[in-house]
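Okay, so here's the structure we're looking at.
The values are calculated or read from the model by the stated rules, or taken from the named source; none is laboratory data. A quick note: this is a predicted structure, and the numbers were derived from the prediction, not measured. FYI the Cβ positions are ideal-geometry reconstructions off the backbone, even for glycines, and counts take in every protein chain you see.
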Amino acid sequence: MITSLLVANRGEIACRVFRTCRESGIRTVAVHSDADANALHTRVADAAVRLPGTASADTYLRGDLIVKAAITAGADAVHPGYGFLSENAGFARAVVDAGLTWIGPPPEAIEAMASKTRAKELMGIAPLGEVTEADLPVLVKAAAGGGGRGMRVVRRLADLGAELAAARAEAASAFGDGEVFVEPYVVDGRHVEVQILADTHGTVWTLGTRDCSLQRRHQKVIEEAPAPGLTEELTKELHTLAVRAARAVDYVGAGTVEFLVADGTAHFLEMNTRLQVEHPVTEAVFGLDLVALQLRIAEGHALDADPPRARGHAVEARLYAEDPAAGWAPQTGRLHHLGVPDGIRLDTGYTDGDDIGVHYDPMLAKAVAHAPTRAEAVRRLAGALERAEIHGPATNRDLLVRSLRHEEFTSARMDTGFLDRHLPELTAPAGDPLAPLAAALADASGRSRFGGWRNLPSQPQVKRYAMAGEEHEVRYHHTRTGLAADGVRVVHADATRVVLETGGVRRRYDVARYGDRIHVGATALTALPRFPDPTTPRAPGSLLAPMPGTVVRVAEGLAEGSLVQAGRPLLWLEAMKMEHEVTAPVTGTLTALHAEPGRQVEVGALLAVVEGHAAQGRGEPRDQPPRTRTRKTTEGAP
């Protein structure tokens, strides 16, 4: 019988496992890095143990320290969560050898499925051998790990050698294993998976299907259950293959078997020997607590002969602190407030007032809606996200809402290329045009009631705001009857709420201000000084750090005086488990280089200066922000 459980993880998944433990009467133990000393998962646990070392993702990869922490805190079981060590057979074996209960499959099962090539062999699938033109396009993949690392799409045979070498190097760096393989690239495929649950008595459940096709950088963004539009025959085939995979390795516990589906054909991808991030949609549809079932299975209990029946449809969206329009760049800072309407499940590792740092995955929360039909669930989730109060750094909220309402998604015609195809329209600047006025009126009403009033007519008050990448100037008046603005009737205005009427339609705006950052409903603005400060000029062509992070490397041979081409990679920053490639904004000469490997930089720090050839009459722009491309670099949440 489990009495005390340590979660070898952090953030949202640790909090989620602790919730089930509290309901089950099980004591909880958290582990944390220095950066996570006051994180939510440490505050909700009954006990917390510091893992010595740096404040980085690597801290949670020290299996020996985690086992020691479990013993020291008196835990008798360990749950790995997802990411980090969750699919590490060596860690599972160390937990078992220490006399602790491992909440997961046997180490041998993890080992068998850890290599994608070995997993395919178990399923009777052989990777491509010698690649010919007829095989193109193909996909180069790392045999170990995931998250898009060590993965390359090859469309020209001449590129295969270089892409194989690059994939091997990236896989070796990320996973310590440079093995890669080649398989056919499924164009316009859907990512479909089957949740399985197996006990130690020979019963294997298949808990429906999930569609996880909306992805960025090979990471899932929106997931749903069941996968829409599958025939009964294809669904049965997917379930049969999933059971075959589980029985091939004597699987125990929760796991997921993943496929690409195209033209009615299922292509086996891999088996994840852990709980998935998207497990809440399956829980909602089947009315189950998968973590509670993991614990029961680990204690030796048997599953019923058949799982419960599925009911309705569930959709989950991952809310990230990132800017999709800026290469998915992670965002950092204080999360002042996070709230969603009633009826929506919110799984998160943050609470109001927490800081979003640079060391870990930028996922803030998962929002889940459940309804009798797919259309109702999608509409409910989109509406809830649109009304959610997210006060803090920029997020992907607008992209999620637009994706959920996109005709291609609502008609279930999406595939894994959806975000790549539609990113410009999904990230087009947005914002309520009356939001700047509402912000100004709320600010004015919060001051002295007589502060701006004049007995005689005078010039209007003027405020400037940045909204959706553009500058907005608003004007208003103080009158004997209160605040007024041209073309708009001000029905009510105080420091937190403004009601405006235009064209006979009355709208309410909730306003929250945190320094210069203002949130008016779902619109975020930044208050600008009335007169810009002339004392902080920047040289044309300055490349500023788009986020806080660490310079991991500089392009080989790059030095002051180097000629660079627009789009050429100049340096790489690492932040939030992601590596961000900073490229030259223009073609020109590198006149200054302030970045060096190992240097930690804050957002806005000067990295380099490229003097564009426009300065020499060649007609190119001289001063543009650096472009960034992002990829995942270290193990963590998938």
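Of the strands (runs of 3 or more DSSP E) entirely within the stretch 465-537, those holding at least 2 residues that are touching a Lys or Arg at 6+ places or on another chain (Cβ under 9 Å) and surrounded by fewer than 19 Cβ atoms within 10 Å (Cβ to Cβ) occupy 470-479, 489-493, 497-502, 505-514, 523-528. Take the residues in the stretch 110-131 that are modelled with pLDDT under 90 and of a type in the set (Val, Ile, Thr); name whichever of them is nearest to Val243 (Cα to Cα). Across the stretch 110-131, the extreme among qualifying residues is Ile125. Determine if the stretch 220-235 includes at least one residue that is assigned to a loop (DSSP other than H, G, I, E, B), more than 22 Å from Ala167 (Cβ to Cβ) and touching a Ser or Thr at 6+ places or on another chain (Cβ under 6 Å). Checked the stretch 220-235: at least one residue is assigned to a loop (DSSP other than H, G, I, E, B), more than 22 Å from Ala167 (Cβ to Cβ) and touching a Ser or Thr at 6+ places or on another chain (Cβ under 6 Å).
Can you tell me which residue within the stretch 363-406, out of those that are within 14 Å of Ala522 (Cβ to Cβ) and of a type in the set (Val, Ile, Thr), is surrounded by the most Cβ atoms within 10 Å (Cβ to Cβ)? Checked the stretch 363-406; the qualifying residue surrounded by the most Cβ atoms within 10 Å (Cβ to Cβ) is Thr395. Checked against the criterion of being among the β-branched types (Val, Ile, Thr) and more than 23 Å from Arg149 (Cα to Cα), the candidates Thr256, Thr203 yield just one match: Thr203.
Checking Ala317, Ala284, Ala326, Ala310 one by one, the residue that is of a type outside the set (Val, Ile, Thr), over 18 Å from Ala371 (Cβ atoms) and outside the structural domain of Ala37 (by TED's automatic domain parsing) is Ala326 and no other. Quick check, is Gly202 within 28 Å of the chain's Cα centre (by Cα) and either outside the structural domain of Asp289 (by TED's automatic domain parsing) or of a type in the set (Gly, Ala, Ser) (or both)? No.
Go through the stretch 572-591 and give me each residue that's in a strand (DSSP E or B) and at pLDDT 90 or above. Steps first, please.
If we filter the stretch 572-591 for residues that are in a strand (DSSP E or B), which is where we start, we get 572-575, 578-583, 588-591.
Across the stretch 572-591, the qualifying residues are Gly588, Thr589, Leu590, Thr591.
If you go through the stretch 333-352 one residue at a time, do you hit one that is under 30 Å from Val249 (Cβ atoms) and either basic (Lys, Arg) or touching a Cys at 6+ places or on another chain (Cβ under 6 Å) (or both)? No; the residues of the stretch 333-352 include none that is under 30 Å from Val249 (Cβ atoms) and either basic (Lys, Arg) or touching a Cys at 6+ places or on another chain (Cβ under 6 Å) (or both). Listed by first and then second residue, the pairs with beta-carbon distance under 7 Å, at least 6 apart or on different chains, first residue in the stretch 457-485 and within 19 Å of Gly515 (Cβ to Cβ), second loosely packed, with under 15 Cβ neighbours inside 10 Å and β-branched (Val, Ile, Thr), are Tyr465/Thr526; Ala466/Thr526.
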